[in-house]
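Structure first, commentary second.
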Amino acid sequence: MSVCQTCGACCASFRVDFHPAELAGGAFAWGQGVPVEMTVPVTPAIVRLCGTDTASPRCVALAGTIGQEVACTIYEVRPSPCREFDTGHAACARARQRFGLPPLEVSSSENPVGK
Ligand code: SF4
Ligand code: SF4
C-alpha cells in the first residue's frame with residue numbers, strides 16, 4: 001500500500017479546479033475523463049470537483065478514512081491537478097498537518113499513487 005493510500009489529506013484540503021476539456025468526453029480527458037456529475041462549473045474555463053470548496057473540504061471522489069485507508073474512486077480518470085500534486089512536498093506536508101499527520105521524510109515520485 002502506498003503512503004497516499006494511508007493518507008488522503010490533500011483530497012480533503014484544497015480546491016481542485018481544472019479545465020472542462022478534462023471532463024468526460026473532453027478533448028483533454030484522461031481515459032474516459034472526469035464524470036461531469038462530480039463537478040460544478042465555476043467559469044466557462046474552470047470546473048471544480050464537488051466537495052473541494054467548503055470550509056471542511058473533501059473531494060466527492062474520495063472513499064475511506066483520512067489517515068487510515070483511502071481510495072480515489074476515479075483514480076484512472078482523475079484530473080491534472082491530482083496527477084501533478086507533489087507527494088512529499090510543501091503542500092502535501094500542509095495537508096497532512098491539518099490531519100495531525102507528520103510530513104513525509106522523503107519526496108516521492110509516486111503522485112499521488114493509488115488513492
Ligand atoms: S500526496 Fe501527500 S497529502 Fe496527498 S495523499 Fe499523498 S501523502 Fe497524503
Ligand atoms: S479526484 Fe481523486 S485524487 Fe483528486 S482530489 Fe478527488 S479523491 Fe483526490
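Read-outs: derived from the displayed coordinates by stated rules, not from any lab. Quick caveat, the model's predicted, so the values are computed rather than measured. Note: ideal-geometry Cβ built from the backbone for every residue, glycine included; neighbour counts use all protein chains shown.
Assorted remarks:
- Along the chain, counting only chymotrypsin sites (Phe, Trp or Tyr not before Pro) with a DSSP assignment other than H, G, I, E or B and at most 14 other Cβ atoms inside a 10 Å radius, the longest segment between sites is 29-98.
- Ratio of Rg to Rh for the chain: 0.96 [Cα atoms; Kirkwood radius as inverse mean 1/r over pairs].
- Full-stretch length increase - E105, T54 - with 0.36 nm per residue and alpha-carbon distance subtracted: 15.4 nm
- Taking each residue as 0.36 nm, the span from W30 to V42 lengthens on full extension beyond its C-alpha to C-alpha distance by 2.3 nm.
- Spin-label pair E69/A93, simplified geometry with 7 Å Cα→Cβ offset, distance in nm: 3.0 nm
- Efficiency of FRET from Cβ geometry, H19 and D86, R₀ 22 Å, rounded to 0.05: 0.65
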